[in-house]
There are 2 protein chains.
Amino acid sequence: MQLHGIQCPAKLSNATALLSTGEGLGSVPKRVDPEERRQAIAEAVYQVIGERGWDAVTLRDVASTAGISMGQVQHYFTTKTDMLMFALSHMRDRVLARLERRLAGLPRPLSQRDQVRAAISVMLPLDEPGRQEAAVNIAFFSAATATPGYAHLLRDGYARQVASATAQFTAAAAEGRLNEGVDPGHEAAALYYLIQGLIGPVLIGQLSPDQALDLLDHQLGRIFRS
Amino acid sequence: MQLHGIQCPAKLSNATALLSTGEGLGSVPKRVDPEERRQAIAEAVYQVIGERGWDAVTLRDVASTAGISMGQVQHYFTTKTDMLMFALSHMRDRVLARLERRLAGLPRPLSQRDQVRAAISVMLPLDEPGRQEAAVNIAFFSAATATPGYAHLLRDGYARQVASATAQFTAAAAEGRLNEGVDPGHEAAALYYLIQGLIGPVLIGQLSPDQALDLLDHQLGRIFRS
């Protein structure tokens, strides 16, 4: 079974592949969406890093966590680095999806301050998915000091997020929603990097989630008029 | 030669040990201060992490970088984790020593703002020693998600540093050196964690050292009256 995935022709890797559901030899083969399967493998990577750290990430452990064979993992990702690069790039989609669910759950009308607070605080390890993402983020940062490919992806993610925060602050300033004398560009970047600096301390229990949110809310109260 | 250190009696590990200078068989044995030797091993750990990342840290690589035998490393540290724990705890002394040299080089009189700026910015990867310390710090954070001992040491370091920043801000407030309405406790913590959040982005080239210092100076200008 484990060899099956390895022997899969490479041309299947970008198309819908037929894989056994694993329910026994007599089961009907199930059509698997390769993108869904890759995302499931990325989720297994997050779980392994979140529970046992970066050092524990092996193709074998990820396969076992995802409940598939090593061969199947190797069918989608040629190397461990390929797998990790995909996991890192998929992280952004996962965080954005979580932010959308969070925004949808907030009472209307949503003020710009509420929106900024949600977009910024979604990066903090306030719940289990957030803790897993924070652990993964820190692990990739550590790896990025020695692996330029990770650094490139991280820089790209940071640049987009700071640009998005700056656009929100600039729009709020134009609408007169920021306090007098507040520089939207400097404050958007400072708030973004403040949150980045709170991730690690919350993750290791130096700060409670409430203490981190209190620091965030103090800054929002200083920056926003309403 | 490599076995020599392994066979050293353990009772020597807390006393001054006689070790060869490595200058040849005919050289005079040199008295080695065990604390200095441990610090030299910690420096080799920083160098390996800074250049090749956490994954590259092995007793063998650290020994080779320190220019000593694996046996000598094992004489001072029973396990790799012992060695890394010592390296992490020694980091604080190294940063403080660098801060003292930096403060000594600044023109007098030193304002409280100058002192805060020096104490805060010494944590940023602005030069090669700072880059090495930042890489080591991030690596330990990543490891701390799976190793409670590292998390304990990191929490201890953070608590001391935030307490020190808060004391500086409170003293400055009492002397009327902070702008009106500035909450010293909240702002000391926020500035400290902002710097923590800038370390990674400067390290991976997302922000230049000057951009990071500009964000820091904008906040200092907002907080300090002079």
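The values are calculated or read from the model by the stated rules, or taken from the named source; none is laboratory data. Note that the coordinates shown come from a computational prediction; the quantities given were computed from them, not determined experimentally. Cβ coordinates were reconstructed from backbone atoms using ideal geometry, including for glycine residues, and neighbour counts include every protein chain displayed.
I'd like the full set of residues that are under 30 Å from A:I120 (Cβ atoms) and surrounded by 15 or more Cβ atoms within 10 Å (Cβ to Cβ), limited to region A:53-91.
Hits for region A:53-91 are A:G53, A:W54, A:V57, A:M83, A:L84, A:M85, A:F86, A:A87, A:L88, A:H90, A:M91.
Can you pull out every residue in region A:173-195 that is charged (D, E, K, R) and either surrounded by fewer than 24 Cβ atoms within 10 Å (Cβ to Cβ) or at pLDDT below 95 (or both)?
Our first condition is that a residue be charged (D, E, K, R); within region A:173-195, this holds for A:175, A:177, A:180, A:183, A:187.
Answer for region A:173-195, where residues must be charged (D, E, K, R) and either surrounded by fewer than 24 Cβ atoms within 10 Å (Cβ to Cβ) or at pLDDT below 95 (or both): A:E175, A:R177, A:E180, A:D183.
Residues checked against (1) under 20 Å from A:T147 (Cβ atoms); (2) out of contact with any Cys (no Cβ under 7 Å at 6 or more places or on another chain); (3) not assigned by TED's automatic domain parsing to the domain that holds A:S142:
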| site | (1), (2), (3) |
| --- | --- |
| A:A63 | no, yes, yes |
| A:G67 | no, yes, yes |
| A:G71 | no, yes, yes |
| A:T81 | yes, yes, yes |
| A:V95 | no, yes, no |
| A:R98 | no, yes, no |
| A:L103 | no, yes, no |
| A:I120 | no, yes, no |
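Checking A:T170 against (1) more than 10 Å from chain B (Cβ to nearest Cβ); (2) buried (at least 18 other Cβ atoms within 10 Å of the Cβ); (3) among the hydroxyl-bearing types (S, T, Y), only one condition comes out false. Which one?
(2)
Six or more apart or on different chains, Cβ under 9 Å: which pairs go from a residue in region B:147-158 that's in contact (Cβ under 8 Å) with a residue 12 or more places away in the chain to one that's of a type outside the set (D, E, K, R) and surrounded by fewer than 14 Cβ atoms within 10 Å (Cβ to Cβ)? Could you list them?
B:T147/B:T81; B:G149/B:T81; B:Y150/B:T81; B:L153/B:S89; B:G157/B:S89
Can you pull out every residue in region A:47-60 that is part of a helix (DSSP H, G or I), closer than 12 Å to A:A135 by Cβ and within 12 Å of chain B (Cβ to nearest Cβ)?
Narrowing region A:47-60 to residues part of a helix (DSSP H, G or I): A:47-52, A:54-56, A:59-60.
From what is left, the residues that are closer than 12 Å to A:A135 by Cβ are A:47-52, A:54, A:56.
Once the filter is applied, which keeps residues that are part of a helix (DSSP H, G or I), closer than 12 Å to A:A135 by Cβ and within 12 Å of chain B (Cβ to nearest Cβ), region A:47-60 yields A:V48, A:I49, A:G50, A:E51, A:R52, A:W54, A:A56.
Which condition number in (1) more than 9 Å from every other protein chain (Cβ to nearest Cβ); (2) over 17 Å from A:L191 (Cβ atoms); (3) outside any helix (DSSP H, G or I) is the one that A:L153 fails?
Among (1) more than 9 Å from every other protein chain (Cβ to nearest Cβ); (2) over 17 Å from A:L191 (Cβ atoms); (3) outside any helix (DSSP H, G or I), A:L153 violates only (3).
Pairs only if they're at least six apart or on different chains, beta carbon under 9 angstrom, first in region A:37-56 and in contact (Cβ under 8 Å) with a residue 60 or more places away in the chain and on the phi > 0 side of the Ramachandran plot, second assigned to a helix (DSSP H, G or I) and among the polar types (S, T, N, Q); list them, first residue then second.
A:G53/B:S142
So, in region A:184-195, of the ones that are over 14 Å from B:Y192 (Cβ atoms) and facing another protein chain (nearest Cβ under 7 Å), which residue ends up nearest to the chain's Cα centre (by Cα)?
Checking each candidate, the answer is A:A189.
Go through (1) surrounded by 16 or more Cβ atoms within 10 Å (Cβ to Cβ); (2) more than 13 Å from the chain's Cα centre (by Cα) for B:P148 and report which single condition fails.
Every condition holds for B:P148 apart from (1).
For region A:196-214, which positions are within 7 Å of chain B (Cβ to nearest Cβ) and buried (at least 20 other Cβ atoms within 10 Å of the Cβ)? Step through it out loud before you land on a result.
Taking region A:196-214 and keeping what is within 7 Å of chain B (Cβ to nearest Cβ), we get A:196-198, A:200-201, A:203-206.
A:Q196, A:G197, A:L198, A:G200, A:P201, A:L203, A:I204, A:Q206 - these are the residues of region A:196-214 that are within 7 Å of chain B (Cβ to nearest Cβ) and buried (at least 20 other Cβ atoms within 10 Å of the Cβ).
Of all the residues that make up region B:215-226, how many are in a helix (DSSP H, G or I), in contact with a strand residue (DSSP E or B) (Cβ under 8 Å, 6 or more places away or on another chain) and surrounded by fewer than 22 Cβ atoms within 10 Å (Cβ to Cβ)?
Selection size over region B:215-226: 0.
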